[in-house]
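Undergrad: Can you keep this structure in mind? I'll have questions shortly.
A short reminder: the numbers here are calculations on the coordinates, not readings from a lab. Not measured: the values here are computed from a predicted model. Cβ sites come from the backbone with ideal geometry, for glycine too, and all protein chains shown count toward neighbours.
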Amino acid sequence: MSRNLPQSEILSLGKDVKIAIVTAEWNGRITDELERGARERLLASGVSDENIRTLKVPGAVELTFGAALAIERLHPDAVIVFGAVVRGDTPHFDYVCMSATQGVTSLNERGDVPVIFGVLTIDTEEQALERIGGRCGHKGVEAADTALRMIAFKRNLIAE
């Protein structure tokens, strides 16, 4: 039996929710804003500040390792990863995007902790700005909402 989770159920998760946010330092102007938006949304949703742990890794490729270590050591209810990969003139963009995507997919396949993909894959910095509070919304806020929805989804399923 499947059902949509009402916003009230998500907000009732309370202060006991533990979230790890793993953020790439590369393109920090963008990733720091993603992290800021997520943190603000989590706090507004009732998650206590001490239950939000932020970890920094050098770049998008390292997000998988950071998330895996966070799961192992911090035992969070969810992990959010933030990165920003801007297309350049070489195939490097494709390799970095593929590595980050496959890494997060692998973590989601093997574990019971949802890892939320908050990696922007963009052609220009302008596109990034549109996604951190511009006309495309705020992807950091969306990632926080997704984390809370996945925690509620898991708790709901376990309770059945």
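Undergrad: When the helices in the chain are scored as -39500 (n - 2.57) per DSSP H run of 4 or longer and the sum is shared across all residues, what 222 nm value do you end up with, to the nearest 500 deg cm²/dmol? All intermediate terms of the calculation are to be shown ahead of the outcome.
TA: Working: 6 runs with 80 residues, N = 160.
That comes out to -16000 deg cm²/dmol.
Undergrad: On to the next question. How much length would be gained if the chain were fully extended between Arg87 and Glu109, taking 0.36 nm per residue of separation minus their Cα-Cα distance, in nm to one decimal?
TA: Working: separation 22, 0.36 × 22 = 7.92 nm, distance 2.77 nm.
Residue separation times 0.36 nm, minus the Cα-Cα distance, leaves 5.2 nm.
Undergrad: Taking the Cβ of Glu126 as the center, what net charge do the other residues with Cβ under 13 Å away carry, scoring Lys and Arg +1 and Asp and Glu -1?
TA: On the way: positive: Arg29, Arg87, Arg131, Arg135; negative: Asp123, Glu125, Glu130.
Once positives and negatives cancel, what remains is +1.
Undergrad: For the chain, find the longest principal axis of its Cα atoms and tell me its angle to the long axis of helix 28-44, 0 to 90°, nearest 10.
TA: Its long axis makes an angle of about 10 degrees.
Undergrad: At what distance in nm do the modelled label points of Phe153 and Glu50 sit from each other, each positioned 7 Å from its Cα along Cα→Cβ?
TA: 3.1
Undergrad: Give the long-range amide H neighbours of Ile80: residues separated by 5 or more places, or on another chain, with amide H under 5 Å away, using H modelled in the peptide plane at 1.01 Å from N.
TA: Correct list: Ala20, Ile21, Val22, Ile116.
Undergrad: Against the longest alpha carbon principal axis of the chain, how many degrees, from 0 to 90 and to the nearest 10, is the axis of helix 63-74 turned?
TA: That helix lies at roughly 30 degrees to the long axis.
Undergrad: Here is a follow-up. Around Ala84, under 15 Å between beta carbons, what's the net of Lys plus Arg minus Asp minus Glu among the other residues? Please report the intermediate quantities before stating the final value.
TA: Numbers: positive: Arg29, Arg36, Lys56, Arg87, Arg131, Lys139; negative: Glu25, Asp32, Glu33, Glu35, Glu62, Asp123, Glu125, Glu126, Glu130, Glu142.
Overall, the nearby charge balance is -4.
Undergrad: Let me ask something else about it. Counting alpha carbon pairs within less than 8 Å and at least 6 residues apart, what relative contact order, in whole percent, applies to the chain? Don't jump to the answer; show the numbers that get you there.
TA: Values: 275 pairs, mean separation 45.5, N = 160.
Rounded, it is 28 percent for the chain.
Undergrad: Once the Cα atoms of helix 92-110 and of the chain are each reduced to a long axis, what angle between those two axes, in degrees from 0 to 90 to the nearest 10, is obtained?
TA: The two axes meet at around 20 degrees.
Undergrad: If amide H atoms are built 1.01 Å from N in the plane of the peptide, which residues on other chains or at least 5 residues away come under 5 Å of the amide H of Val57?
TA: Thr23, Ala24, Glu25
Undergrad: Taking the dipole about the Cα centre of the range 21-160, with the C-beta of Lys and Arg at +1 and of Asp and Glu at -1, give me whichever of Ile52, Val85, Leu69 is farthest to the positive side.
TA: So the residue we want is Ile52.
Undergrad: If packing is taken as the mean number of other Cβ atoms within 10 Å per residue, what is the order of 55-68, 99-112, highest first?
TA: On the way: 55-68: 19.6, 99-112: 15.2.
Output ranking for 55-68, 99-112: 55-68, 99-112.
Undergrad: Provide the gained length on full extension for the span Phe65 to Glu125, in nm with one decimal, where the gain is 0.36 nm per separating residue minus the Cα-Cα distance. Don't jump to the answer; show the numbers that get you there.
TA: Values: separation 60, 0.36 × 60 = 21.60 nm, distance 2.57 nm.
The span from Phe65 to Glu125 would gain 19.0 nm if fully extended.
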